[in-house]
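Here is the structure we will look at, set down as structure tokens.
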Amino acid sequence: MGVSILIVDDSAVMRTFIRRVLDLSGLETSQCLEAANGAEALEALQAHWVDVVLTDINMPVMSGEQMIRRLQQSAVLESLPVIVVSTDSTEARMRQMMELGARGYVKKPFQPEQLRREIERVLGVCDATG
Amino acid sequence: MPPVEMHQALDTAIDQVLTTMFFSDAERVEDCGAPPGDAVRASLAFHGEPSGRFYLWIEPAAARELTGAFLGLDAAEVHPPQIQETVRELANMICGSFVSLFETEVLFLLDAPQIDGFDPPDPQRCCRRRLRLDAGELEIWLELEGGQS
């Protein structure tokens with residue numbers, strides 16, 4: 001049974017790239033939903049449960065930061081793991097997002113296996129092949 | 001910021017983004033003549049420490065090729081809106097990677113990249129890199145506030 005993922009990024013080509021990278025990484029996925037901003041993501045989560053959310057930070061309408069704050073305010077969604085995927089890899093930003101409630105962080109640019117390892121780490125999944 | 005350090009950081013950012021996200025290699029070229037009239041151009045400002053402006057132009061065939069590589073499509077299959085969006089992402093990632101290499105305790109902000117014509121900045125105030133990809137050339141200009149280029 002694969003991982004169900006919600007990809008949140010205002011760039012359609014970046015969402016396509018992440019889907020492609022997930023395929024290339026060999027991670028088994030059961031579904032990949034997409035949202036163009038935090039507000040669309042929250043709306044999608046009203047109708048679909050996912051195992052993990054991959055989110056950019058800077059997005060129009062609702063940013064990744066605002067989305068994480070809203071998730072943390074929900075008794076149902078606060079436990080949903082969120083991994084930030086961003087070009088910003090400064091210590092200050094990573095600390096800020098983790099303190100808000102993100103469970104993981106992947107810096108762009110990234111190798112497919114980096115994204116897969118972070119998803120597996122956050123979900124507590126062990127790769128049987130090491 | 002020492003110019004050598006800035007040049008090295010820009011080179012590292014460009015190499016990481018092109019090879020990791022676009023599965024492409026590039027060769028540095030020294031000729032810095034004017035960009036072709038039909039080049040796809042992107043620019044964005046970044047705010048933090050450092051602050052400045054990032055400019056990029058890329059020949060259309062090279063932009064198409066990179067877009068195909070990014071999306072896992074044949075270059076002939078990509079559409080102009082995908083090319084523009086990919087060039088915006090290219091600019092965003094190289095600029096963001098460059099700024100992140102000067103990691104500080106200060107949060108930085110990247111403006112959304114704009115696809116449009118721009119007046120070339122003063123070359124004396126910029127760090128410039130021109131590269132040859134398989135299908136054409138790409139050039140990046142980086143202008144820091146305070147003119148420390």
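The values are calculated or read from the model by the stated rules, or taken from the named source; none is laboratory data. Because the structure is a prediction, the values reported are computed rather than measured. As a convention, Cβ positions derive from the backbone with ideal geometry for all residues, glycine included, and neighbour counts pool all protein chains shown.
Does region A:83-97 contain any residue that is away from chain B (no Cβ under 13 Å) and polar (S, T, N, Q)? No; the residues of region A:83-97 include none that is away from chain B (no Cβ under 13 Å) and polar (S, T, N, Q). Residues considered: A:M1, A:M62. Of these, the only one that is more than 13 Å from the chain's Cα centre (by Cα), more than 14 Å from every other protein chain (Cβ to nearest Cβ), in a loop (DSSP other than H, G, I, E, B) and under 23 Å from B:A112 (Cα atoms) is A:M62.
Would you check which residues across region A:93-111 are assigned to a helix (DSSP H, G or I) and either surrounded by fewer than 17 Cβ atoms within 10 Å (Cβ to Cβ) or free of Cβ contacts under 8 Å to residues at least 12 places away in the same chain (or both) and list them?
Let us first name the residues in region A:93-111 that are assigned to a helix (DSSP H, G or I), namely A:93-100.
Residues satisfying the conditions are A:M94, A:R95, A:Q96, A:M98, A:E99.
Is it true that A:M67 is assigned to a loop (DSSP other than H, G, I, E, B) and over 17 Å from A:L115 (Cα atoms)? When the stated conditions are applied, A:M67 does not pass them. Out of A:T55, A:T90, A:T29, A:T16, report the one residue that is surrounded by fewer than 18 Cβ atoms within 10 Å (Cβ to Cβ) and of a type in the set (S, T, Y). Within the list A:T55, A:T90, A:T29, A:T16, the selection yields A:T29.
B:S51 meets all of the listed conditions (1) polar (S, T, N, Q); (2) touching a residue at least 60 places away in the same chain (Cβ under 8 Å); (3) buried (at least 22 other Cβ atoms within 10 Å of the Cβ) but one, namely (3). Does A:D51 fit the bill of being within 26 Å of A:Q111 (Cβ to Cβ) and within 14 Å of another protein chain (Cβ to nearest Cβ)? The answer is no for A:D51.
Can you work out which of the residues in region B:107-120 that are in a loop (DSSP other than H, G, I, E, B) and surrounded by 18 or more Cβ atoms within 10 Å (Cβ to Cβ) is farthest from the other protein chains (Cβ to nearest Cβ)?
Looking only at region B:107-120, we keep the residues that are in a loop (DSSP other than H, G, I, E, B), and these are B:107-108, B:111-113, B:116-120.
The next check asks that each one be surrounded by 18 or more Cβ atoms within 10 Å (Cβ to Cβ); those that pass are B:108, B:113.
Working: B:F108: 7, B:P113: 10 Å.
Top of the filtered list is B:P113.
Out of all the residues in region B:59-70, is one or more at the interface with chain A (Cβ under 9 Å from one of its Cβ atoms), farther than 22 Å from A:T90 by Cβ, at pLDDT 95 or above and touching a helix residue (DSSP H, G or I) at 6+ places or on another chain (Cβ under 8 Å)? Within region B:59-70, one or more residues are at the interface with chain A (Cβ under 9 Å from one of its Cβ atoms), farther than 22 Å from A:T90 by Cβ, at pLDDT 95 or above and touching a helix residue (DSSP H, G or I) at 6+ places or on another chain (Cβ under 8 Å).
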